[in-house]
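The values are calculated or read from the model by the stated rules, or taken from the named source; none is laboratory data. Because the structure is a prediction, the values reported are computed rather than measured. Here the Cβ positions follow ideal geometry from the backbone for every residue, glycine too, while neighbour counts run over all protein chains shown. Surface accessibility is based on the protein's heavy atoms, side chains included, excluding ligands, DNA and RNA. Shrake-Rupley method; radii C 1.70, N 1.55, O 1.52, S 1.80 Å.
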2 protein chains.
Amino acid sequence: MSPRTAAGVDPTVPAPVVELVGLAAYTELAEFGLLAARSVDAPDLATRQALADGADRALARQRALFALVSADDGVVPGVVGATVMAPFEDALADFDARTDTDDWAEGLLKGVVGHGVAQDFCRILAGGLDGSSGRAVRKVLERPAPGPEAGADAGADAEAIWLLARMAAADEVLASRLALWGRRVVGEALGVVTALLGRRPQLVVLAAEAATRLGAELPAGRDTASSDTEVAVRSWLVARLTGEHTRRMDRMRLAA
Amino acid sequence: MSPRTAAGVDPTVPAPVVELVGLAAYTELAEFGLLAARSVDAPDLATRQALADGADRALARQRALFALVSADDGVVPGVVGATVMAPFEDALADFDARTDTDDWAEGLLKGVVGHGVAQDFCRILAGGLDGSSGRAVRKVLERPAPGPEAGADAGADAEAIWLLARMAAADEVLASRLALWGRRVVGEALGVVTALLGRRPQLVVLAAEAATRLGAELPAGRDTASSDTEVAVRSWLVARLTGEHTRRMDRMRLAA
């Protein structure tokens, strides 16, 4: 946990916190983009506004994340964001290319499923963080996205989930198509998680710590450098993420 | 100035205030969409974040506008927005179709120029409002868009203007193309203003009042029902909006 001296980042914040905040902030920017894009081509004004409000809450959570690691030294606010998100730039390029769709409802579900997996992943990893900064990260990630109005105290994708559930309930053919599409998207999203674990050893350390705290049985010694441990951690993570995905699809009345 | 009883709207707010707030809020939602769309396909992470932050400030101003007319009676926040924006739904559909572009820089300039005209239009009309609610509307429209951070205390398109100025300074051919494109977009935007004045007599009344207060010479009697007055008001407005557009293009070092 060596201190960092990267631009805009508080050097007393432990490196795993900076790492996880960067990943979580990047996923909020991605969620902003997915919701905003579906707002722009929404079928009516109310939907357009609802998805814009959701996109807005993704950025509000992103700001709360940046505040956790920002050096209070008068740097331009954008600097800390660019620093912590840089390792994850293009992390979703493959995912985006493989789940490209012109269909509005599929695009919306892509946001709900893909971002859902990403957020669950970040929340699980946060369980592996120590100390007060770990608690602070968990607090931001576990509470609903902050909204400027009382009624907006919900996740960024609250409106999207509600819209998809309503559309699926009204159209059985669409519901079947979305269920299939959801399976494809979750597969690609789990692929992103696996690729990230391969590229960023610090995330494997956090996942192993989180798994142990949650009582998962990992190979003895918890030597995260061993490939046995990495495989076990990955399997544990994929199982948990898949479970959360199933619950999310259930809430939209879509078969997982 | 008969009171309204529309859903979510404070019935004591004068009708012209409700009208102008609806128009201004709708233009902020449009600005959100234009900036967010260019964020999604931005060439790099810093640009993507900068334009997302601008889009976010457009929605922050929209919320400030809704607060001016909202009945404090526990209605869902979205209701007042849907009510006041409804008359302007599709007001920009023609504009969007006529200024469709696949070019990233042109899309960005469309946002700056189109939204610039729309905001100037709203600000000018606010000059025709009476009383304390008129002052409150002017205060929201005249101050920079509210930003959550100190450094973000700028218009929603601050980053877009800066990016375009930098791109134009680095590439003479692009600068010429953007200058031409800006002329086309401003022409279409002025067409939207003219169409709105034709459809919404209350906006003509506000414009005539604003023009008179600013010392414009209109046909005697200021009978806004007369077509002479309407023509004079329209010419005065177009001249002012064109002047503001020229200043905006100058700031980006683009020929107006």
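Taking the criterion of being surrounded by 24 or more Cβ atoms within 10 Å (Cβ to Cβ), hydrophobic (A, V, I, L, M, F, W, C) and more than 7 Å from chain B (Cβ to nearest Cβ), the residues of the stretch A:24-40 that qualify are A:Ala24, A:Ala25, A:Leu34, A:Leu35.
Closer than 27 Å to B:Ala93 by Cβ, within 11 Å of chain B (Cβ to nearest Cβ) and surrounded by fewer than 20 Cβ atoms within 10 Å (Cβ to Cβ): is that true of A:Leu45 in this structure? Answer is yes for this residue.
Restricting the first member to the stretch B:180-191 and to residues that are open to solvent by 50 Å² or more (accessible area, probe 1.4 Å), and the second to residues that are outside any helix (DSSP H, G or I) and not polar (S, T, N, Q), the beta-carbon pairs closer than 9 Å and six or more apart or on different chains are B:Leu180/B:Ala255; B:Arg183/B:Ala255; B:Arg183/B:Ala256. The residues in the stretch B:101-151 that are at pLDDT 90 or above and closer than 26 Å to B:Trp181 by Cβ can be counted, and the count is 24. Out of the residues in the stretch A:232-255 that are small (Gly, Ala, Ser) and closer than 19 Å to A:Val193 by Cα, state the one that is modelled with the lowest pLDDT. Here the residue is A:Ala232. Per the listing A:Leu180, A:Leu203, A:Leu190, A:Leu163, the residue uniquely within 19 Å of the chain's Cα centre (by Cα) and closer than 20 Å to A:Thr101 by Cβ is A:Leu190. Applying the set (1) within 11 Å of another protein chain (Cβ to nearest Cβ); (2) part of a loop (DSSP other than H, G, I, E, B); (3) under 23 Å from A:Ala210 (Cβ atoms) to A:Met85 leaves exactly one unmet item: (2). If I filter the stretch B:54-63 for residues that are open to solvent by 50 Å² or more (accessible area, probe 1.4 Å) and within 18 Å of the chain's Cα centre (by Cα), do I get at least one hit? Yes. Of these, B:Ala58, B:Ala67, B:Ala97, which one is under 29 Å from B:Glu188 (Cβ atoms), more than 8 Å from chain A (Cβ to nearest Cβ) and without any contact (Cβ under 8 Å) to a residue 12 or more places away in the chain? From the options B:Ala58, B:Ala67, B:Ala97, the qualifying one is B:Ala97.
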